[in-house]
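The structure appears below as structure tokens.
The values are calculated or read from the model by the stated rules, or taken from the named source; none is laboratory data. None of the values given here were measured: they were computed from a predicted structure. Ideal geometry is used to build each Cβ from the backbone, glycine not excepted, and the neighbour counts take in all protein chains shown.
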Amino acid sequence: MIRGILIAILTLGVAGAAFWGYQEHKEKNAILLNAENNYQRAFHDLTYQVDLLHDQIGTTLAMSSQESLSPALAEVWRITSQAHSDVGQLPLTLMPFNKTEEFLANIGDFSYKTAVRDLNSKPLSDDEYKKLKGLYTEAEDIQDELRNVQHLVLENNLRWMDVEMALATDKQMDNTIIDGLKTVEEKVEGYQETSFGVTNVNMEKKEESFSNLKGNNISKKEAEKIAKEYAGFKGSLDVKVTENGKGSDYGFYSVAIKEKKSGTEANMDITKKGGFPIWSIISREVKEQKISLNKASNEAVKFLKEHKFKNLALFESTQYENIGVFNFVTEVDGVKIYPDSIKMKVALDDGHIIGFAAEEYLKANKERKISNPVISKEDARKKINKQVTVMDDGLAIILNDLNKEVLCYEFIGTLDNDTYRIYINAENGIEEKVEKLKNAEPVYEEVV
Amino acid sequence: MGVIGMNIKFLLAKITVIFSLTIAFISIPLYGEKVNAFSNQIIQHGAIGDDVIELQSRLQYLGFYNGKIDGVFGWQTYWALRNFQYEFGLPIDGLAGTKTKNKLVSASKYNEKFVKEQINRGKKFTHYGGVDLNKQKTPSAKKGTTQTPTKKSTNKPGNNKQNVAKKPSNNGNKTSTNNKKTASNGNQAKTPATKKQTGTKNNTGSTTNKTNNTTTPNNKANNSATTNNKTNNTAATNGGEKTTGKKATAANVPNGFSQNDIQLIANAVYGESRGEPYIGQVAVASVILNRIDSVSFPNTVSGVIFEPGAFTAVADGQIWLTPNERAKEAVLDAINGWDPTGNAIYYFNPDTATSAWIWSRPQIKQIGKHIFCK
């Protein structure tokens, strides 16, 4: 009797477990399939976009008038950004697929710059036409390779989930998809440098490596001294200085200082050449606010003076809880030079400088010859949208869309509740940049 | 007052303003009589806190400030303050220093209890002078008012004056509002004339902008005095969300990022590197930001973070742990320009890295347990 009951219970248990296991298995498969489908969609979409890209570049080659050329190039630009976003959805981060992404970005930049240019006054040059033709054949190559991979994927029912597994476990990478994409990547790498001449590198973020710095290389000891001075720590210290790795574009020392008593740590990078501070952060808890933002900004100014930074003017101040963040830019003869910016963090409990970032300043700062504006302020003002009420103005050097430094009239104006900075080129009156300044953001309900 | 040499008309107008303001203060027994003066800090653009709330309230009381009283010294507050300084003959520097604060305190009233209460309740409210405070809090249920503030402000000033004049004697309160408005209207009409005298420092365009800016508040205040103040509320808050008011209702946010973006990055940073020193967390946040800038990666916060295989914390779900304040602070530092990594776009933990490829990247430096690479 008891045995019968036991058997019945066990059978039920086994059946239940089996059923549960089956359910779980089904669910897992459904989720896997779902993820797989997302990858598949991104991949097939990518090949489709590259098809489109190839066709679109082809058509632009046959065009001559601006009316048709500009929209067509804008279309190329749009397609590249779509394709770029598709690549971003594929599990390829652990695989060198970035050349292809760069290639797409470069086509995008080229087509964008040409599309927004007035092609009537400055038509496509022979060089650019040649470049476009080159892009056409290259896009064709990529299209071919991708189609090939696509065909294999479809025919053999290949799954991206396997790619992910293969990449994660590093199993010799013998996956068909990986191999196919590697071929694409190698192809692109081949013509990477040739197709975009010197003129086209500037949309990419410039990798200037502190070439304007003056002075001799400093030693580790000197770096330590500079860092101590910046941190302003007292008492016995733990100091560690390390040199930069081989992959860096420029030489620097990283200094970590620890105040033994309080345990507060300061970190700082210093250029080898000249011993300039690239950035520093003192990590400590900032207590309740005791001093005002205004006082803190004075502290920041004092600090800059003490450390021999000249011609800097406060341009933005912001308070985050108990920390004031200040942005300084060079100002020469009333001209603000925005690329030269230094940021500072001041603790509002005791007014100490707890952060310093001068990377942009060190990269951009140099002796500049600031030319006189060609057009008058009144003329520049006329270029501004009539709806904007101008509140303030000045002269400034900014980096424009093409990453070039240009002298501009800077107008600060309001339109309804928003404030804008508008930059009008002081030489030719082009509206170089319109910036909407951020308003405070409401804090959305926090979970109590 | 240094009014010698000013246009006589302006002087007259000014006297009228001051006179009527004085009357307004003497005659209206508003609740919360106590004068709450500022602390002695100089308030500057970007500041947050109680002093800013008071500054905004007082500026709104006088009709200079039409934004939300949120305790964040933003651009709207800045221009309101400058207009105030201009109208009251103070040096126009956009800083609320001792002189400016004294002038503000003497010219306006600040009902701290009312303002704080409304902020804590998270309700929309305004703090215009000469209007019953009870009418300025919780919005009425009717939602039908479609008139936009811009429309209102284009009304002719004369029109408004009549509106006010129509309903003169509800109580003493209303009358004095009327008085004050008329006075400042007169003032505003004179502005171009004063310009000649004082306006050497300002550029040519400020004539128009001055008139604009003074017109708007006056009209709005007028409307609120006569019509129901629902329009007023919408104008002041842009239909903003309800907010709980334990602390500030608004916060400064760096350009180009929303608080939610920051939260998302903080999630990723916390999931990836919560065991790391602070500097290591700033570094991880920097890598995310460098990737957004890089052409080889997606261009958005979510694109970079959720790129398949990019971050282990995303793959194993640790990104959904609740980040602490440290992580958020680290993200803010990174956004504000601190990059401890030297422009790295990859990093890995040498102890746990599974891919051989990552070792082939040129290494820049090591922070904590992570090696950062190009």
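Annotations
- When the stretch A:417-446 is filtered for residues that are outside any strand (DSSP E or B) and either small (Gly, Ala, Ser) or more than 26 Å from A:Glu321 (Cβ to Cβ) (or both), the ones remaining, listed by number, are A:Ala426, A:Glu427, A:Asn428, A:Gly429, A:Ile430, A:Ala440.
- Any hit, the stretch A:241-263, residues being in a helix (DSSP H, G or I) and surrounded by fewer than 16 Cβ atoms within 10 Å (Cβ to Cβ): no
- Hey, A:Ile31 within 30 Å of A:Val153 (Cβ to Cβ), β-branched (Val, Ile, Thr) and in a helix (DSSP H, G or I) or not: yes
- Annotation: B:Ser355 fulfils all but one of (1) at the interface with chain A (Cβ under 10 Å from one of its Cβ atoms); (2) touching a helix residue (DSSP H, G or I) at 6+ places or on another chain (Cβ under 8 Å); (3) within 23 Å of A:Glu359 (Cβ to Cβ); the unmet one is (3).
- Evaluation of A:Ile342 against the conditions (1) more than 11 Å from chain B (Cβ to nearest Cβ); (2) surrounded by 14 or more Cβ atoms within 10 Å (Cβ to Cβ) shows that the sole unmet condition is (1).
- Remark: pairs (first residue in the stretch A:375-392, free of Cβ contacts under 8 Å to residues at least 40 places away in the same chain; second residue part of a loop (DSSP other than H, G, I, E, B); Cβ separation under 6 Å; 6+ apart in sequence or on different chains) = A:Val390/B:Gly205.
- Scan of the stretch B:53-92 for residues that are assigned to a loop (DSSP other than H, G, I, E, B), over 21 Å from A:Ala440 (Cβ atoms) and without any contact (Cβ under 8 Å) to a residue 40 or more places away in the chain, ordered by number: B:Phe88, B:Leu90, B:Pro91
- Hits in the stretch B:358-374 - residues which are part of a strand (DSSP E or B) and more than 7 Å from every other protein chain (Cβ to nearest Cβ): B:Gln366, B:Ile367, B:His370, B:Ile371, B:Phe372
- The stretch B:279-298: number of residues that are within 8 Å of chain A (Cβ to nearest Cβ) and free of Cβ contacts under 8 Å to residues at least 24 places away in the same chain: 3
- Among the residues of the stretch B:48-88, those that are out of contact with any His (no Cβ under 9 Å at 6 or more places or on another chain), of a type in the set (Gly, Ala, Ser) and more than 23 Å from A:Gly413 (Cβ to Cβ) comprise B:Gly49, B:Gly71.
- Residues of the stretch A:264-296 that turn out to be part of a strand (DSSP E or B) and over 19 Å from A:Asn212 (Cα atoms), as a count: 8
- The single condition from (1) under 18 Å from B:Asn40 (Cβ atoms); (2) more than 11 Å from chain A (Cβ to nearest Cβ); (3) modelled with pLDDT of 85 or more that B:Leu95 fails is (2).
- Residue, farthest from A:Val346 (Cα to Cα), within the stretch A:247-264, restricted to residues that are within 13 Å of chain B (Cβ to nearest Cβ) and small (Gly, Ala, Ser): A:Gly247
- Matching residues in the stretch A:361-381 - criterion: being within 14 Å of chain B (Cβ to nearest Cβ) and modelled with pLDDT of 85 or more: A:Tyr361, A:Leu362, A:Ser376, A:Lys377, A:Glu378, A:Asp379, A:Ala380, A:Arg381
- Taken over the stretch A:41-65, residues that are surrounded by fewer than 16 Cβ atoms within 10 Å (Cβ to Cβ), part of a helix (DSSP H, G or I) and of a type in the set (S, T, N, Q) amount to 1.
- Within the set A:Asn267, A:Asn294, A:Asn244, A:Asn311, the sole residue that is of a type in the set (S, T, N, Q) and more than 11 Å from chain B (Cβ to nearest Cβ) turns out to be A:Asn311.
- Residue within the stretch A:318-329 that is touching a residue at least 24 places away in the same chain (Cβ under 8 Å), among the hydroxyl-bearing types (Ser, Thr, Tyr), within 13 Å of chain B (Cβ to nearest Cβ) and closer than 20 Å to B:Gly71 by Cβ present: no
- Residue list for the stretch A:389-448, restricted to those being acidic (Asp, Glu) and at the interface with another protein chain (Cβ under 7 Å from one of its Cβ atoms): A:Asp393, A:Asp416, A:Glu441, A:Glu445, A:Glu446
- Output for the stretch B:271-305, where each listed residue is among the aromatic types (Phe, Trp, Tyr) and under 33 Å from the mean Cα position of the chain (by Cα): B:Tyr278
- Of the residues making up the stretch A:71-91, at least one is within 30 Å of A:Met161 (Cα to Cα) and among the acidic types (Asp, Glu).
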